[in-house]
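Student: Structure incoming, see below.
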Amino acid sequence: QVQLVESGGGSVQAGGSLRLSCTASGRTFSTYAMGWFRQAPGKEREFVATINWSGGSTYAADSVKGRFTISRGNAKNTVYLQIDSLKPEDTAVYYCAAFSGGSYYSPNSYGYWGQGTQVTVSS
């Protein structure tokens, strides 16, 4: 069982930066690959980035590649999403999730989810 809590969201102007955090409870955090997703109003949940258990392998969606960076600190049971050069279209609720099997890009492959943190970008 893994419980996830996101933080770090907020309202920023275009071009700004945010660092989202997701802290996990439970001793097995370091064994999970982790992912970040986002969901804008009226849209489906969208894959953003994923990181393997050790942090040695990461992958980001084309729409955010070069602007978003996923990382993790297993000693702190935390996964991070550094978001730079924010755009209004990045406005969404951002969720972290623990991978349970399947495709890294599919929300259905993640068994544990946080409650989400809102990111709002104004132009």
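Okay, residues lined up against (1) under 19 Å from residue 18 (Cα atoms); (2) in contact with a Ser or Thr (Cβ under 9 Å, 6 or more places away or on another chain):
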{"position": "48", "(1), (2)": "yes, yes"}
{"position": "60", "(1), (2)": "yes, yes"}
{"position": "95", "(1), (2)": "yes, yes"}
{"position": "99", "(1), (2)": "no, yes"}
{"position": "106", "(1), (2)": "no, no"}
{"position": "119", "(1), (2)": "yes, yes"}
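Student: Scan segment 112-121 and give yes if some residue there is part of a strand (DSSP E or B), open to solvent by less than 60 Å² (accessible area, probe 1.4 Å) and of a type in the set (S, T, N, Q), otherwise no.
Tutor: yes
Student: Which is in a strand (DSSP E or B), surrounded by fewer than 15 Cβ atoms within 10 Å (Cβ to Cβ) and among the polar types (S, T, N, Q), of 11, 54, 21?
Tutor: Among 11, 54, 21, only 11 is in a strand (DSSP E or B), surrounded by fewer than 15 Cβ atoms within 10 Å (Cβ to Cβ) and among the polar types (S, T, N, Q).
Student: Here is a further query. Of the residues 106, 71, only one is over 29 Å from residue 15 (Cβ atoms) and of a type in the set (S, T, N, Q); which?
Tutor: 106
Student: Yes or no: residue 69 among the hydroxyl-bearing types (Ser, Thr, Tyr) and either in contact (Cβ under 8 Å) with a residue 40 or more places away in the chain or within 17 Å of residue 120 (Cα to Cα) (or both)?
Tutor: no
Student: Scan segment 24-48 residue by residue and report those that are open to solvent by 40 Å² or more (accessible area, probe 1.4 Å) and not in a strand (DSSP E or B).
Tutor: Result: 27, 28, 30, 31, 32, 41, 42, 43, 44, 45.
The values are calculated or read from the model by the stated rules, or taken from the named source; none is laboratory data. Everything numeric in this text was worked out from a predicted model, so none of it was measured. Ideal geometry is used to build each Cβ from the backbone, glycine not excepted, and the neighbour counts take in all protein chains shown. Surface areas here come from the heavy atoms of the whole protein model, side chains and all, with no ligands, DNA or RNA. Shrake-Rupley method; radii C 1.70, N 1.55, O 1.52, S 1.80 Å.
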